[in-house]
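*Asks:* Handing you a structure now.
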């Protein structure tokens, strides 16, 4: 959403919120509020105090997430290639080098 440095009037903030919701998610304020208040997180199932709308492509939304899963998902997406490489790697060649 657009940053507000405190200089916008309440009406301009509302108009900005409406514009951002439509542009980022293709939703109205009522639709966004309904989704956030009705559904649990689509990853962990929790119904958190702060639920967010996850988007991947502007004008659409992917799902409703708790703030914690949304943050973690961003991290996983950022490091997906490294994580996939690690998970595909077979077990390390175990040796007795740790024993005396």
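The values are calculated or read from the model by the stated rules, or taken from the named source; none is laboratory data. Worth saying up front: this structure is predicted, and the values here are computed from it rather than measured. Note: ideal-geometry Cβ built from the backbone for every residue, glycine included; neighbour counts use all protein chains shown.
*Asks:* Between 47, 56, which is under 18 Å from residue 73 (Cα atoms), part of a loop (DSSP other than H, G, I, E, B) and modelled with pLDDT of 90 or more?
*Replies:* Working: 56 fails: modelled with pLDDT of 90 or more.
Every option except 47 fails the conditions.
*Asks:* Using beta carbons and a limit of 7 Å, which pairs, at least six apart or on different chains, have the first residue in the stretch 7-30 and part of a loop (DSSP other than H, G, I, E, B) and the second one surrounded by fewer than 14 Cβ atoms within 10 Å (Cβ to Cβ)?
*Replies:* Once the first residue is part of a loop (DSSP other than H, G, I, E, B) and sits in the stretch 7-30, its partners that are surrounded by fewer than 14 Cβ atoms within 10 Å (Cβ to Cβ) give 26/59; 26/60.
*Asks:* Does residue 69 fit the bill of being part of a helix (DSSP H, G or I) and modelled with pLDDT of 95 or more?
*Replies:* yes
*Asks:* Could you tell me which numbered condition residue 37 fails, if it satisfies all but one of (1) in contact with a helix residue (DSSP H, G or I) (Cβ under 9 Å, 6 or more places away or on another chain); (2) closer than 20 Å to residue 62 by Cβ; (3) exposed (fewer than 12 other Cβ atoms within 10 Å of the Cβ)?
*Replies:* Result: residue 37 fails condition (1) only.
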